[in-house]
Each structure stands twice: as C-alpha cells, then as structure tokens.
Amino acid sequence: MKDINDEELEHWKATFAKDGIVYYNDEDYRGAINDLMGFFKVLIDIDRDFKDNRVNENNKEDFHLIDKDGNKIIL
C-alpha cells in the first residue's frame, strides 16, 4: 500500500475516533489503514472477477467465480 503522510494520518485518526476506534501509536493506525485498504482491494478484485467471469448472461442464477486453481465458486 502507499505510504500515508502525517496529514492523511491525522485525518484517519479523526475518522476512526468518530467511531470510537483508538490505537496506541501511529504504527498501529498505519497498520489498520493498510489492512482496511487491502480489504477494499480484495472486494474490488472480487467484483471485477465476478463481472469478468459471468458464464451465461441469460441465466441470472448462474453467477460464479473461478479461483486461482481453476475451481468454480458458485455465488
């Protein structure tokens, strides 16, 4: 993930504080932010795979993904 500058970090701290989330130090905040961004990336990748791997547009009930091993995952 990209490095977070001090100004961005302060913004994130304020955002977390609104939901009652407080960490002990800046490194913990940076780790939490990177984890959150990683989670968003996974969701985006799943969405892209979902859209790219539709087998049959006419059958809306057959949505699936193909995992890295080639296994079909029914959604």
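Across the range 6-74, Cα pairs under 8 Å and at least six residues apart give a relative contact order of 16 percent.
Using the Karplus relation 6.51 cos²θ - 1.76 cosθ + 1.60 with θ = phi - 60°, the per-residue 3J(HN,Hα) values for the range 16-26 come to 4, 4, 4, 9, x, 9, 10, 10, 6, 8, 4 Hz, with x marking Gly and Pro. In a simple Cβ point-charge model (Lys, Arg +1; Asp, Glu -1; nothing else charged), the range 6-74 has a dipole of about 340 debye relative to its Cα centre. Close amide H contacts of I73 (hydrogens built in the peptide plane, cut-off under 5 Å, sequence separation of 5 or more or a different chain): L65, I66, D67. By other beta-carbon atoms within 10 Å, ranking F16, F39 with the fewest at the front produces F39, F16.
Where a number appears in this text, it was derived from the coordinates with a stated rule and is not lab data. Since this is a predicted model, take the numbers as computed values, not measurements. Here Cβ is always computed from backbone atoms with ideal geometry, including for glycine, and neighbour counts include all displayed protein chains.
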